[in-house]
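Visitor: Below are the structure tokens for one structure; questions will follow.
Any read-out appearing in this document is the output of simple, stated calculations on the displayed coordinates, not a laboratory observation. Note that this is a predicted model, so its numbers are computed, not measured. Positions of Cβ are generated from backbone atoms using ideal geometry, with glycine treated the same way; all protein chains shown enter the neighbour counts.
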């Protein structure tokens, strides 16, 4: 069980870190400009998507830590990290599609998806896998002998 919890902790930490890494990269004669998930709003201003990635990553870490340290959390929160993992993946896919649309809308510019998107996606997958493993372990424990 501890391994499954640690997978969630690592995945959540990766998602939080990825929020501050480049999600979009523009290369031009002026140099390279990177935008992280907090800068992906309208006209490249503030975006709530970055805060959502950070929040979901922290939830994944909290659930993993609660399993490793075996301390009590609210039952709704401690039940599973499947939902934060799915939400992280959905947000990463949404932002990836949004960045891809920007790339096709501006063919003269050299725009691309930054590596932060991929790290956040990997973190979301890890949190999701951790939730599935922990849910399965809980079901096995709860089953009558």
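Visitor: Connecting C-alpha atoms closer than 10 Å in a GNM of the chain, tell me which of 97, 82, 54 has the biggest fluctuation.
Guide: Top of the fluctuation ranking is 97.
Visitor: Which whole-number percent is the relative contact order of the chain (Cα, under 8 Å, 6+ apart)?
Guide: Normalised by residue count, the contact order of the chain is 38 percent.
Visitor: Taking the structure as given and computing Kirkwood radius over Cα pairs in Å, which label from (1) 16.3; (2) 15.3; (3) 15.9 fits?
Guide: Only one listed value fits the structure, namely (3).
Visitor: Compute the angle between helix 2-18 and the longest alpha-carbon principal axis of the chain, please, reported from 0 to 90 degrees and rounded to the nearest 10.
Guide: Value to nearest ten degrees: 20.
Visitor: Post the alpha-carbon centroid distance, the range 16-33 to the range 46-70, in whole angstrom.
Guide: Each part's Cα centre sits 23 Å from the other's.
Visitor: Here is a further query. Computed FRET efficiency, Cβ-Cβ of residue 6 and residue 34, R0 35 Å: what is it to the nearest 0.05?
Guide: 0.70
Visitor: Let me ask something else about it. Given a Förster radius of 41 Å and the C-beta distance between residue 118 and residue 141 as r, what FRET efficiency does 1/(1 + (r/R0)^6) yield to the nearest 0.05?
Guide: Using R0 = 41 Å, I get an efficiency of 0.75.
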